[in-house]
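Some notes on the structure that comes next.
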Amino acid sequence: METVNPYYPIPTKIKKIIPETPTITTYILEGMPITFDAGQFAELTVPGIGEAPFTPSSSPYAKDLEFTVMKVGRVTQGLSKLNEGDVVGVRGPFGKPYPLNKFKDREIYIVGGGVGFAPLRSLFLALVHNIKDYKKIFIRYGARTPKDVVYSRLIPEWQKIENVDILLVVERSDESWKGKLGVVTVILDEIPVDLKVSPTIVCGPPLMLKFVTQRLVEAGFKHENIYLSMEQNMSCGIGKCNHCRLGKFYECKDGPVLTWADIKDIEEPFV
Ligand SMILES: Cc1cc2nc3c(=O)[nH]c(=O)nc-3n(C[C@H](O)[C@H](O)[C@H](O)COP(=O)(O)OP(=O)(O)OC[C@H]3O[C@@H](n4cnc5c(N)ncnc54)[C@H](O)[C@@H]3O)c2cc1C
């Protein structure tokens with residue numbers, strides 16, 4: 001049987017570039033060079049610069065693959081200089097998907113911060129694709145300012161979907177902002193789900209993961225129902241290089257989504 005080389009990126013054209021915030025951009029690629037399930041990630045290559053891991057932000061059921069990327073360093077700055085029609089490389093999928101079968105008939109409580117909305121969008125769209133399978137989907141999302149809210153162009157439409165409840169918070173704003181102010185935990189005071197069985201899924205920067213996890217544990221979610229995107233230090237994507245080792249887990253192979261039950265005994269899991 002022919003073996004597909006896991007290190008070989010598939011050249012794929014950038015079809016459309018959509019600025020989401022001053023630092024975050026969505027890249028819509030032409031077609032689906034890889035198939036994936038929500039929660040899995042891919043390595044994106046910027047020719048001549050290098051590659052980095054990103055979770056698709058599009059639905060696994062869409063016809064084009066999308067990534068929503070924050071500009072932080074070498075690869076992401078290189079990506080930001082590309083234009084529609086330019087070619088990037090994609091390899092994957094890697095990691096384990098969300099166990100959507102365990103989410104059936106449940107209320108699903110999604111919490112995101114900053115660019116962490118990107119992987120959560122893919123999950124959200126996968127859930128919405130089979131919305132009747134789930135009781136209700138809650139999204140709680142925090143950004144620095146209203147300008148930093150990713151997908152503000154799409155959220156009004158999502159809010160119209162039956163059994164979808166979205167609440168946003170920003171840290172700083174002027175009077176034009178009608179919602180709450182503060183960090184994301186400010187909107188986690190009341191959690192209107194059945195805490196004994198509901199899954200909660202969190203993605204965001206490490207400090208946010210830490211404080212949100214504390215809040216969700218305190219609220220009463222079962223540790224095995226708290227799903228966290230662990231994305232630090234990843235390199236090869238296939239469990240070979242050892243960079244993303246977390247206790248007995250490789251974030252790339254066993255994650256990137258791990259439960260609080262998996263990692264709670266590890267010293268400082270969020271650094
Ligand atoms: C499984 C997985 C999925 C991911 N999905 C996404 C995604 O959907 N969208 C996305 O934008 N990113 C995502 N990331 C993060 C992304 O991989 C990094 O932002 C990227 O590797 C940075 O590469 P770079 O070469 O541009 O920066 P580097 O040159 O490697 O880093 C430059 C500097 O930026 C800092 N830095 C790196 N990442 C971040 C960050 N996320 N926030 C703040 N500072 C940072 C580094 O500590 C370093 O100081 C994901 C990471 C993993 C492991």
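The values are calculated or read from the model by the stated rules, or taken from the named source; none is laboratory data. If you're wondering where the values come from, they're calculated on a predicted model, not measured in any experiment. Here Cβ is always computed from backbone atoms with ideal geometry, including for glycine, and neighbour counts include all displayed protein chains.
The single condition among (1) closer than 19 Å to Gln40 by Cα; (2) assigned to a loop (DSSP other than H, G, I, E, B) that Phe221 does not meet is (1). When Phe117, Phe67, Phe54, Phe124 are checked against the criterion of being within 12 Å of the ligand (Cβ to nearest atom), among the hydrophobic types (A, V, I, L, M, F, W, C) and in the same structural domain as Phe211 (by TED's automatic domain parsing), a single residue qualifies: Phe117.
Inside segment 86-103, residues that are buried (at least 20 other Cβ atoms within 10 Å of the Cβ) and within 16 Å of the ligand (Cβ to nearest atom) make up a count of 8.
Note on segment 196-209: residues that are surrounded by fewer than 16 Cβ atoms within 10 Å (Cβ to Cβ) and either hydrophobic (A, V, I, L, M, F, W, C) or in a helix (DSSP H, G or I) (or both) amount to 3. Residue count for segment 61-75, restricted to those that are in contact with a Phe, Trp or Tyr (Cβ under 9 Å, 6 or more places away or on another chain) and not in a loop (DSSP other than H, G, I, E, B): 4.
Among the residues of segment 242-253, are any of a type in the set (A, V, I, L, M), modelled with pLDDT under 95 and either surrounded by 13 or more Cβ atoms within 10 Å (Cβ to Cβ) or in a strand (DSSP E or B) (or both)? Looking through segment 242-253, at least one residue is of a type in the set (A, V, I, L, M), modelled with pLDDT under 95 and either surrounded by 13 or more Cβ atoms within 10 Å (Cβ to Cβ) or in a strand (DSSP E or B) (or both). When Glu66, Glu84, Glu51, Glu43 are checked against the criterion of being touching a residue at least 40 places away in the same chain (Cβ under 8 Å), acidic (Asp, Glu) and touching a helix residue (DSSP H, G or I) at 6+ places or on another chain (Cβ under 8 Å), a single residue qualifies: Glu51.
Where in segment 86-191 are the helices (runs of 4 or more DSSP H), entirely inside, with at least 1 residues that are within 16 Å of Ile24 (Cβ to Cβ)?
Values: elements: 100-103, 117-129, 155-159.
Result: 117-129, 155-159.
Filtered by the rule that a residue be in contact with a Pro (Cβ under 8 Å, 6 or more places away or on another chain), crowded, with 22+ Cβ neighbours inside 10 Å and not polar (S, T, N, Q), segment 227-241 gives Tyr227, Met230, Glu231, Gly237. Within segment 192-211, the residues that satisfy the criterion of being in contact with a Gly (Cβ under 7 Å, 6 or more places away or on another chain) and within 16 Å of the ligand (Cβ to nearest atom) are Cys203, Gly204, Pro205, Met208.
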